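The values are calculated or read from the model by the stated rules, or taken from the named source; none is laboratory data. As the structure is a prediction and not an experimental result, all values here were calculated from the model. Using ideal geometry, Cβ is built from the backbone for each residue, glycine included, and neighbour counts are taken over all protein chains shown. Quick note on the areas: whole protein, heavy atoms, side chains included, nothing else; ligands and nucleic acids left out. Shrake-Rupley method; radii C 1.70, N 1.55, O 1.52, S 1.80 Å.
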Amino acid sequence: MKYRTLGRTGWKLSEISFGAWAIGGAWGDVDDHESLAALHAALDGGVNFFDTADVYGDGRSERLLAQLKKERTDHFYVATKAGRRLPQQTPEGYNRKNLTAWVERSLTNLHTDTIDLLQLHCPHPDVFYRPEVFGILDDLVQTGKLRHYGVSVERVEEALKAIEYPQVQSVQIIFNLFRQRPAELLFQEAQRRKVGILARVPLASGMLSGKISRASKFAKDDHRNFNRHGEAFDRGETFAGVDFATALRAVADLKKLTPRNATLAQMALRWILEFPAVTCSIPGAKRASQVMENLAAADLPPLPRATMKKIRGLYEGQIKPLVHHYW
Ligand SMILES: NC(=O)c1ccc[n+]([C@@H]2O[C@H](COP(=O)([O-])OP(=O)(O)OC[C@H]3O[C@@H](n4cnc5c(N)ncnc54)[C@H](OP(=O)(O)O)[C@@H]3O)[C@@H](O)[C@H]2O)c1
């Protein structure tokens, strides 16, 4: 495993880290024993950063991370998120009373006195035009409830606005073979301001593992079943917003570009690491075997220039016209 510095925090994060949404819920049935085995495998493989949220399984994901901390002596960072407990996303919801209550709840779930990194969880875009919200977060840092804070966003423009606030240390955004727009302007700006980038949905919800086919079935409570058109939350969070048939066609072409001795999932994760502005990717995983396959991507040599070019060409031809300007 290799490590990259997160913004101005001085923290060195594993360049392939762990996304803990699936082990909380909304991805079909999960078994806590299997989830814990996946978390242990991540630590064994050098992962030192885990991304979760208060709403993943209504705290289940955070509690699994607390359990991991109990079972291991290794040091690791946990980033959680706040804001999605609101019944409706409004900028007014991001007030002192709510933010303090969400933070207290996460502290309890995580069995800790201080949250390493708190991220606003894809809030209403107007939140980024309310300096008072960031003032509240500064106060929470002052009182020791938070070490640092950052944002998780849907759109590049939200990120560009958020990083104007000087204490924002990280931006979590979808970045993968099917979502390349963040590399245009955001990465440059984030590097200039020394803000870390956490690349989420790196496997386009598993699509970029190459295992999904037209015949794949997803459980009723799996967002790949119920959110393909944005029925429950932003459609970009499911298969990175690319329609199923187009995604399958592109994946078939991407498979032909996979380096020998690597899987498509590993190429997808290695591709993200070609961008120095990225601190780490946070692939989700439900099983230890998935974690091990994903972490091995960190040991791959850089992708050949010709492959990078072909990937870009494939994106330009098949994906960009459909999704590029939405996020
Ligand atoms: N709004 C937000 O802030 C937000 C939104 C989305 C995600 N996130 C964060 O980003 C993290 C990553 O995104 P994500 O989990 O949505 O999507 P992802 O990482 O693109 O896909 C993860 C899923 O792909 C499958 N998978 C993983 N490794 C695999 C492998 N090697 N081979 C085959 N299948 C594999 C697993 O599901 P199956 O085994 O069921 O196929 C896994 O749950 C989340 O866990 C969460 O921490 C944040």
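Just a few scattered comments:
- Surface accessible to a 1.4 Å probe, per residue, for the residues of the chain, Å²: 42 Å²
- One chain, two ends: D44 and L300. Fully extended at 0.36 nm per residue, the span grows by 90.3 nm beyond their Cα-Cα distance.
- Counting Lys and Arg as +1 and Asp and Glu as -1 over every other residue whose Cβ lies under 13 Å from the Cβ of H324, the net charge comes to +3.
- Highest mean packing comes first when the peptides 23-33, 216-226, 300-310, 61-71 are listed by Cβ atoms within 10 Å, giving 61-71, 23-33, 216-226, 300-310.
- Counting every C-alpha pair in segment 43-106, the share spaced more than 17 angstrom apart comes to 46%.
- Accessible area (Å², 1.4 Å probe, nearest 10) - M292: 120 Å²
- Using alpha-carbon coordinates, inclination of helix 264-273 to the longest axis of the chain, degrees: 60 degrees
- Residues with amide H under 5 Å from that of T263, placed H, sequence gap 5 or more: none
- The mean sequence separation of alpha-carbon pairs under 8 Å and at least six residues apart, normalised by the residue count of segment 1-79, gives a relative contact order of 32 percent.
- Rounded percent of accessible protein surface that carbon and sulfur make up, segment 1-82, 1.4 Å probe: 48 percent
- Derived value for segment 1-92: Kirkwood hydrodynamic radius 14.1 Å. Basis is the mean of 1/r over every pair of different alpha-carbon atoms.
- Charge tally for R8 (other residues, Cβ to Cβ under 11 Å; Lys, Arg +1; Asp, Glu -1): +2.
- All aspartates and glutamates inside 16 Å of K194 as judged from Cα atoms, apart from same-chain residues fewer than 8 positions distant: E164
- For segment 64-147, size of Cβ-based charge dipole, Lys and Arg +1, Asp and Glu -1, in debye: 240 debye
- Rounded to the nearest angstrom and listed largest first, the equivalent-ellipsoid semi-axes of the chain from its Cα gyration tensor are 29, 22, 20.
- Converting phi to 3J(HN,Hα) with the Karplus coefficients 6.51, -1.76 and 1.60 and the offset θ = phi - 60°, segment 80-85 yields 10, 9, 9, x, 7, 7 Hz in sequence order, with x at every glycine or proline.
- Nonlocal amide H pairs with L146, under 5 Å, H built at 1.01 Å: I115, V141
- HN-Hα J in Hz across segment 106-119 - Karplus 6.51, -1.76, 1.60, θ = phi - 60°, x for Gly and Pro: 5, 4, 5, 4, 8, 6, 9, 9, 9, 8, 4, 9, 9, 10
- Coupling constants for segment 249-254 follow from the phi torsions by the Karplus curve (6.51 cos²θ - 1.76 cosθ + 1.60, θ = phi - 60°), and in residue order they are 5, 5, 4, 4, 6, 5 Hz; glycine and proline get x.
- Residues of type lysines that K220 reaches as a straight line, Cα spacing below 26 Å, ignoring anything fewer than 8 places off in the same chain: K81, K211, K286
- With contributions of -39500 (n - 2.57) from each DSSP H run of at least four residues, the per-residue ellipticity at 222 nm computed over the chain stands at -10000 deg cm²/dmol.
- With K and R counted +1 and D and E -1, the other residues having a Cβ less than 11 Å from that of Q67 yield a net charge of +2.
- Along its first, second and third principal axes, ordered by size, segment 273-327 spans 36, 26, 21 Å in Cα coordinates.
- Antiparallel bridge percentage (DSSP; both residues within the chain; nearest 5): 15 percent
- Reported to the nearest whole Å, the Cα centre-to-centre distance from segment 250-306 to segment 164-205 is 18.
- Contact order relative to length of the chain, as percent, for alpha carbon pairs under 8 angstrom and 6 or more apart: 22 percent
- Remark on Y77: its backbone amide H falls under 5 Å from those of F49, F50, a criterion applied only to residues 5 or more positions apart or on other chains, H modelled at 1.01 Å from N.
- Coordinate range of the alpha-carbon atoms in segment 1-154 per principal axis, descending: 41, 36, 28 Å.
- Candidate aspartates and glutamates for bridging to K2, where Cα separation is under 20 Å - those fewer than 8 sequence places away on the same chain excluded: E15, D44, D51, D74, E274, E293, D299
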